[in-house]
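Written below as structure tokens is the structure these notes are about.
The values are calculated or read from the model by the stated rules, or taken from the named source; none is laboratory data. Every value quoted in this text rests on a predicted model; they were computed, and no experiment measured them. All Cβ positions, glycine included, derive from the backbone under ideal geometry; neighbour counts span all protein chains shown.
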Amino acid sequence: FYGLSLLDRLPRSKPLRWYLVFALTDETYSVLTTLPASTPDRKMVLVALLNQGWWVLGTCIGALLGASAQVQLVGLDFALCALFAVLTVEQWRARQSPAPLWVALLAYAVALALAPGHALVIAIALSILAALLLQRRTLAPTQTPGHD
């Protein structure tokens, strides 16, 4: 769903556009949203290709090694949390307003208090609702009809 925010920045060429949508990963999204709007389509596709290549290569290596290795994976969950923390910080730095981060944190806190077992889904719904309300508020006319 986060890819929807990239629709206006995706290449116009259908094959490149389709590939970029197909290859979209969290890391690719994070990098693409921090690139200037004038970034050439080719560079965006190369970022996606590189990231997808690493995903596929890493998965293959992990499957081969994991099938024969008897390794304890204690702490691996921390690495994923750390990755998302870094991506969040980079997104925060790239944005003009910290509002999306605060909305997401508040939505998750409310959702966790209401229904811990469904907190993520509820937080996403609350974040979408907040985004729609904030967008409506920023697009609302500053003057009321008939008052010039």
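Tabulated results
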read-out: Output for region 1-24, where each listed residue is assigned to a loop (DSSP other than H, G, I, E, B), within 22 Å of Ile124 (Cβ to Cβ), at pLDDT below 85 and not charged (D, E, K, R); value: Phe1, Leu7
read-out: Flag if Ala37 is among the hydrophobic types (A, V, I, L, M, F, W, C) and surrounded by 14 or more Cβ atoms within 10 Å (Cβ to Cβ); value: no
read-out: Of all residues in region 44-81 being surrounded by 11 or more Cβ atoms within 10 Å (Cβ to Cβ) and small (Gly, Ala, Ser), the one that is nearest to Val21 (Cα to Cα); value: Ala48
